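Visitor: This is the structure I have questions about; it appears just below.
The values are calculated or read from the model by the stated rules, or taken from the named source; none is laboratory data. Please read all numbers here as calculations on a predicted model, not as lab measurements. A quick note on method: Cβ atoms are made from the backbone with ideal geometry, for glycine too, and the neighbour counts reach across all protein chains shown. Please note that ligands, DNA and RNA were not included when accessible areas were found on the heavy atoms of the full protein model with its side chains. Shrake-Rupley method; radii C 1.70, N 1.55, O 1.52, S 1.80 Å.
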Amino acid sequence: MKLFATLIVGLVAAAATPLVPDDGTTAVSTPRKGFDELTRGNFDPRWILPDELPIARDEGRGPAWDLDSKMAELAALRFAAAPADPSAPRSLGDVVLAVRAARGDAKSVIARVKQTQPQLFAALEPCLNELLDDTRLYARDWDPEDDDVRDGFLFARPLDLASMKLDPWRSIEGSSLVQQAVTLIHADFEAIKAAENDYSRYRERRGANYEAIYPVAGSDVRGSDADGHPFAALKLYFECDLPFPFSSYACDLRILNRTDARGGFVCDIYSTSDDFHWLAGSDLFLPLRASDESWVATLVVRRFGFDLDGVPDGNDARTAGIRSSLGALKLDAQARFRAYAGPPRTVEGRTPDFAVTGLR
């Protein structure tokens with residue numbers, strides 16, 4: 001169902017940025033405030049998804065992994081040089097560099113890793129094919145509704161909120177599943193955040209069908225948490241059409257950019273809009289480095305769940321929406337990073353400030 005691709009395209013669009021007035025120009029951001037300001041109507045921290053959630057039973061395909069922790073683990077793996085081939089990849093970052101050097105020929109690189117570095121291959125094998133081969137994503141007829149192993153997205157089995165005992169999770173209605181996926185973006189945070197926040201391009205994205213989309217004036221809250229890490233919160237409003245026999249839905253989205261307890265950069269979202277039983281998610285941005293510790297790319301791990309009131313929104317619709325939104329983000333961010341043509345800027349720990357482009 002195309003409507004859900006539209007839904008998720010806008011979910012993590014706004015980050016630590018200035019607001020935009022109705023004329024589309026950049027507004028001056030508000031003064032820095034304390035973290036407790038978030039509890040005063042801007043972002044309720046109770047809606048941050050729990051760090052650890054059980055994997056859903058008998059739901060979905062893919063490895064039974066918590067992708068946030070598993071991808072951090074795989075990104076950190078380092079193996080000794082192979083005696084028969086000292087130049088063989090020793091880490092996931094090395095494998096990605098090898099695929100890049102082979103002009104996207106993931107199949108030959110994976111075969112080499114299997115032969116020369118069997119321990120590395122065994123650790124990475126469940127994710128190698130779908131994470132490394134993204135050739136389908138660049139095709140003009142790529143359709144996020146199609147689950148193609150060559151689109152560069154690895155989906156793990158969904159997580160489940162059903163056993164959570166605290167509010168708001170124990171009170172949510174409808175589906176309790178949180179979908180999770182990861183993709184590689186060959187861009188730094190500046191390029192990724194610029195792509196997320198360029199609202200002038202959102203109507204051009206695949207599956208987009210906005211009636212309105214804009215950041216809410218006066219909702220930009222920034223400051224530092226108790227550990228001195230910067231944070232930024234923002235409200236985003238958008239409306240989208242639904243296919244017949246449905247009408248449309250509206251979403252008042254709350255967004256928080258922060259550094260988590262593990263030192264990772266995270267973008268959290270949720271909505272309590274009347275058109276949803278519930279909606280919440282997060283993006284974890286992990287720097288991927290080669291075995292010599294040089295930066296290679298950014299791993300983006302998305303966790304996302306929702307239940308739209310009165311609409312049949314199954315798991316296939318949710319995963320299609322994730323492919324649509326992450327695909328658009330990846331293509332746009334990589335194009336911006338190529339145009340920048342310089343060394344990587346911010347690659348871990350925090351997000352830089354930059355402007356938001358609004359719809360006129």
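Visitor: Taking θ as phi - 60°, what are the ³J(HN,Hα) couplings along the stretch 326-334 by the Karplus curve (6.51, -1.76, 1.60), each to the nearest whole Hz, with x for Gly and Pro?
Guide: Karplus values, whole Hz, x for Gly and Pro: 5, x, 4, 4, 4, 4, 5, 5, 5.
Visitor: Can you list the residues, at least 5 places off or on another chain, whose amide H is less than 5 Å from the amide H of G264, using H built in the peptide plane?
Guide: Long-range HN contacts for G264: none found.
Visitor: Could you pull out every residue, at least 5 positions away or on a different chain, whose amide H is within less than 5 Å of the one on R289? Hs are placed 1.01 Å off N in the peptide plane, and Pro or chain starts have none.
Guide: G93, V296
Visitor: So for each of 144-157, 42-55 I average, over its residues, the number of other beta carbons within 10 Å; can you give me the resulting order with the highest mean first?
Guide: Those peptides, ordered most packed to least, come out 144-157, 42-55.
Visitor: Roughly how many nanometres apart are two label points built 7 Å out from the Cα toward the Cβ at R78 and R338?
Guide: With each label point 7 Å from Cα toward Cβ, the separation is 3.2 nm.
Visitor: Give the dimensionless ratio obtained when the Cα radius of gyration of the stretch 272-347 is divided by 2.2 N^0.38 Å.
Guide: Relative to the 2.2 N^0.38 Å estimate, the stretch 272-347 comes out at 1.46.
Visitor: From the protein chains alone at 1.4 Å, what is the descending order of accessible area for M164, M71, largest first?
Guide: M164, M71
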